[in-house]
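This report refers to the structure that appears directly beneath it.
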Amino acid sequence: MTLDNLQQALEQARFEERCADRHADAEDEAAFATAADTLAERQRVHDHTAATGAERYDPDNDTALQHTLRREHHRRDIADRAAEAAHKARETTDAAHRRLAGSAAQPLYTALDRAGLHTLTDDDHQAVRDLTCHLDPATLRQVMSWLERTRTAALALRGAEAAPPARPVVQRSHRF
């Protein structure tokens, strides 16, 4: 954008901020906040271009923009790594609970997975252990049958076009 284009965009942003200010009085604060942010960014870009004496705005030479983009990329990277670590911790905890419950609980865990209950709390795992310890195999098979029928009914209600529930997937980072 040339300096003239930036000046026009700045004037338009000022106009939109004034209009949004009127709407903010009518309980639409988000429009004003967005317009104020847009105006501040347009003003920053205009000032940067004028200060560098360039004929056109070049985002590659805008150090403030580059720092902001790097900060945002870093923030997303940290959030992705935290989500991945939380997912691994849940998987590890879940595997430990399943080992603790023993092989008798595995059919019940399978039925819970098929029913879409992929994330179980500590209380859920305790309930699975209690059920497998206190129920006879015939009653346990009946409980699993109820879960399967519930899953089938839920899929029927959802309709044929909807996908069945799936395990949550976490994007793995490729950096070490």
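Summary table below
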| item | result |
| --- | --- |
| Candidates R56, R71 - the one that is among the charged types (D, E, K, R), touching a strand residue (DSSP E or B) at 6+ places or on another chain (Cβ under 6 Å) and open to solvent by 70 Å² or more (accessible area, probe 1.4 Å) | R56 |
| Scope segment 110-134; condition at pLDDT below 90, in contact with an Asp or Glu (Cβ under 9 Å, 6 or more places away or on another chain) and assigned to a helix (DSSP H, G or I); matching residues | A111, L112, R114 |
| Some residue of segment 22-34 being farther than 30 Å from Q126 by Cα, at pLDDT 85 or above and not hydrophobic (A, V, I, L, M, F, W, C) | yes |
| Answer from A105, A33, A40 - the residue that is in a helix (DSSP H, G or I) and in contact with a Ser or Thr (Cβ under 6 Å, 6 or more places away or on another chain) | A105 |
| Inter-residue pairs, beta-carbon under 8 Å, first farther than 20 Å from L100 by Cα and in segment 131-147, second open to solvent by 80 Å² or more (accessible area, probe 1.4 Å), 6+ apart | L147/R114 |
| Flag for G102 being in contact (Cβ under 8 Å) with a residue 12 or more places away in the chain and loosely packed, with under 13 Cβ neighbours inside 10 Å | yes |
| Condition met for A115 (of a type in the set (G, A, S) and in contact with a Lys or Arg (Cβ under 7 Å, 6 or more places away or on another chain)) | yes |
| Hey, R90 at pLDDT 95 or above, open to solvent by 90 Å² or more (accessible area, probe 1.4 Å) and among the charged types (D, E, K, R) or not | no |
| Check on H97, open to solvent by 70 Å² or more (accessible area, probe 1.4 Å), at pLDDT 90 or above and under 31 Å from the mean Cα position of the chain (by Cα) | no |
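The values are calculated or read from the model by the stated rules, or taken from the named source; none is laboratory data. Since the structure is predicted, the reported quantities are computational estimates derived from the model, not experimental observations. Cβ: placed from backbone, ideal geometry, glycine included. Neighbour counts: every protein chain shown. Only protein heavy atoms, including side chains, enter the accessible area calculation; ligands, DNA and RNA are left aside. Shrake-Rupley method; radii C 1.70, N 1.55, O 1.52, S 1.80 Å.
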